[in-house]
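For reference, the structure discussed in these notes is given below.
The values are calculated or read from the model by the stated rules, or taken from the named source; none is laboratory data. Since we're looking at a predicted model, the values are computed, not measured. Note that each Cβ is placed from the backbone with ideal geometry, even for glycine, and that neighbours are counted across all protein chains shown.
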Amino acid sequence: MEVAPIQRVRGGLSAWSPALWAGAILCAACGQAPVAVEAVRLESIRPVEGEGVYLNEEIVLTFSQAIDPSSVASTSLRIVDDAGREAEGRWEVVGRQARFAPRPVLSGTLTDGGYLPGTVYSVDLGGFPRLDGLRGLKGEPLDRSWRWSFSTAEVGPGRRGFVFDDASPGTGAHVSLSNARPLHPGEALVLECNEPLDPSSLREEEFRIERVESGAAAFTCRVKARFLANHPEGSRGPLEPCAVIEFMPTERLEPGSYLLLGSGVTLTDYGGNPVWPAGLGRQPHAFGVRRPPPSGAGELESQAHYQLSFLDRTEFLSVAVPGTDGLAHWSDGGVLSVRFPKAAGEGAHGALDLRGLEDRHDLQATTLSVAKGAQVDLGAGPGLRVLRAQGRVHIAGHLGRRISQTDEPRPGPAIPGHPYVDGESLSQWLERARAEDWPWTVLIAGGDLVIDGDLVVNTPLLLVAGGWIRVEGRVDQPPGQLWLLSEGGGLRMDPTATVPDLVIEAPDGNPLKQTLHLAAVSAPLPARVISYRWLEPLVGGRQGAGRYEVSYLPATGPVERGRAVKHPRLLEGEGPVRVLLELFVTPGPLWDPPSLDFVTLRWATDR
């Protein structure tokens, strides 16, 4: 059967009229007759025009039948630019539609959202004959693979036209103070709006705080302003704000009454409608700073903090964060960092979904998977077999290798021990193993190495991960021939598995073909706080040639990036929080990954 190659189209799919594809599924184990299924077809893509896509615009794919949400993954449906960087956001599947909502823009430069401005992206859909492609609810495959391109709106000096899609054109909604009570000294002023705002219209130099006494300004100071949230309209509850802006005074405010003033009508919604100041005049926002209690009355509050220093690993959970490549690394110096093995390779083979006979001796993928139900045989030939990926390795099906007895060579030197040289690196060991034709099977992941299927070999087995080794399935190899070069493991593994005395060295340059996304989640913190007010968290780290992000999750419930907020005060209810820490390493000329030194949670408790 001939399958159409991936095609590049622009301006929609109006000219596409694919033929129906009918396949047969044969259940050999139960002896059922073949069952004909109708393949899923892609019917339309929105936006129809692929030019000037707004920075907050959803990509909507409509199919001929309902889609299985579990088939929507980074291997089957992804949005990447020409440099291999993935657009950041959330896929949502509702019936026949898959919708991608880009991450909201918070920075005035408009470069921290899900799409980069002025950038060409490709939407890649995996279809037949790929086993990891999109499927219908009954397993029907997408009839072919597709690629569609779009370009985002340009920004910069003298930009013309809008760069955001305004869901409610017309007069802009007003901002309002969220601080109903007087502020404590050192606390920030927070404003809210019931629709999202254009972050580039927030110019902190045009705002000031004044204290008025006897009708005259007795005190004036500037503010530091930033967006804490900018959710799409309709994505929040009826009483929850879309936009949340923090104004932090540059000087300490003494108790008294103050005004927050704007010097011009600058803050606007996505359609350019002014939302500041409220009304037609320069109406200020009035607020107060609470006075200290009378002498001898005692303190009304106490302030406390908890610092995550990354020295105590019990502060953090080893759970995987969905949508990432794996777990970030705690270095011995108390830094959350990226441990990417040079031996993870160059990614030359791209994203690999293995199936059937795979007799290549050195696979170098960006991501590598064996789908659930798939059977992969590495062949019976002797020698070294290396399966490596720059990102995540996921074995959900069966991966096996059995060297025939007639061809089986010597087992090779043991690990650890002679003839290793002190300080030998993993890459150096692999070179010697290749040169001497040792019969080893080696799996290397730049992110997490996940095995929830079966890995069965009759050779020595070495598992390596820059992130975490996660085994919920079965790993079977000759007794005493399993080595793990990473944290983690699993219950269904050889309990005598040992750690080789090898160094995981960093790459010489930046070999990444696509963004490496690692994350870690803290345990609920602080453990005993009952009533509190969250103050501004403190974060220390370096962005490097990438970036880090710190956000906050509720203390209970699933670990999902979509539930995270940029400030603890935006979470509903009282109680501890979990800190979500993310590190992004992008392709480029230099290997200079980001790192985090500390995160300090600060709160005040009423006595």
Pick from the stretch 40-53, criterion at pLDDT 90 or above and buried (at least 18 other Cβ atoms within 10 Å of the Cβ), ranking: nearest to Glu233 (Cα to Cα): Val53
Scanning the stretch 80-109 residue by residue, those surrounded by fewer than 20 Cβ atoms within 10 Å (Cβ to Cβ) and closer than 19 Å to Trp146 by Cβ turn out to be Val80, Asp81, Asp82, Gly84, Glu86, Trp91, Val93, Arg96, Gln97, Arg99
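Quick grid of which residues meet (1) over 30 Å from Ser404 (Cα atoms); (2) without any contact (Cβ under 8 Å) to a residue 40 or more places away in the chain:
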{"site": "Thr459", "(1), (2)": "no, no"}
{"site": "Ala465", "(1), (2)": "no, no"}
{"site": "Pro478", "(1), (2)": "no, yes"}
{"site": "Thr515", "(1), (2)": "yes, no"}
By residue number, the members of the stretch 40-76 that are in contact with a Leu (Cβ under 7 Å, 6 or more places away or on another chain) and in a strand (DSSP E or B) are Val40, Leu42, Ser44, Ile45, Leu61, Phe63, Ile67
Among the residues of the stretch 572-586, is any farther than 30 Å from His184 by Cα, more than 14 Å from the chain's Cα centre (by Cα) and part of a loop (DSSP other than H, G, I, E, B)? no
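Matching residues to (1) out of contact with any Asp or Glu (no Cβ under 9 Å at 6 or more places or on another chain); (2) farther than 25 Å from Ser337 by Cβ; (3) not assigned by TED's automatic domain parsing to the domain that holds Glu424:
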| site | (1), (2), (3) |
| --- | --- |
| Trp468 | no, no, no |
| Arg474 | no, yes, no |
| Leu482 | no, yes, no |
| Glu505 | yes, no, yes |
| Ala519 | no, no, yes |
| Pro524 | yes, no, yes |
| Leu535 | no, yes, yes |
| Leu538 | yes, no, yes |
Please go through (1) in a loop (DSSP other than H, G, I, E, B); (2) more than 30 Å from Trp91 (Cβ to Cβ); (3) touching a strand residue (DSSP E or B) at 6+ places or on another chain (Cβ under 7 Å) for Val559 and return the number of the only condition it doesn't satisfy. (2)
For Arg402: the one exception among (1) crowded, with 21+ Cβ neighbours inside 10 Å; (2) closer than 17 Å to Arg360 by Cα; (3) at pLDDT below 95: (1)
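Table: residues versus (1) free of Cβ contacts under 8 Å to residues at least 40 places away in the same chain; (2) in a loop (DSSP other than H, G, I, E, B).
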residue	(1), (2)
Phe340	no, yes
Glu346	no, yes
Gly350	no, yes
Leu363	yes, no
Lys372	no, yes
Val376	yes, no
Ala380	yes, yes
Leu387	no, no
Only one of Gly509, Gly540, Gly480 that is surrounded by fewer than 18 Cβ atoms within 10 Å (Cβ to Cβ), modelled with pLDDT under 90, in a loop (DSSP other than H, G, I, E, B) and of a type outside the set (Lys, Arg): Gly480
Considering only residues that are part of a loop (DSSP other than H, G, I, E, B) and either surrounded by fewer than 23 Cβ atoms within 10 Å (Cβ to Cβ) or free of Cβ contacts under 8 Å to residues at least 60 places away in the same chain (or both), which ones fall in the stretch 111-125? Thr111, Asp112, Gly113, Gly114, Leu116, Pro117, Gly118, Thr119
Residue hits (the stretch 432-457; more than 36 Å from the chain's Cα centre (by Cα) and of a type outside the set (A, V, I, L, M, F, W, C)) are Arg432, Glu436, Asp437, Pro439
Just one of the numbered conditions (1) over 30 Å from Val559 (Cα atoms); (2) surrounded by 15 or more Cβ atoms within 10 Å (Cβ to Cβ) is not true of Ser486; which one? (1)
For the stretch 232-241, give me each residue that is modelled with pLDDT under 85 and either not charged (D, E, K, R) or not in a loop (DSSP other than H, G, I, E, B) (or both). Gly234, Ser235, Gly237, Pro238, Leu239, Pro241
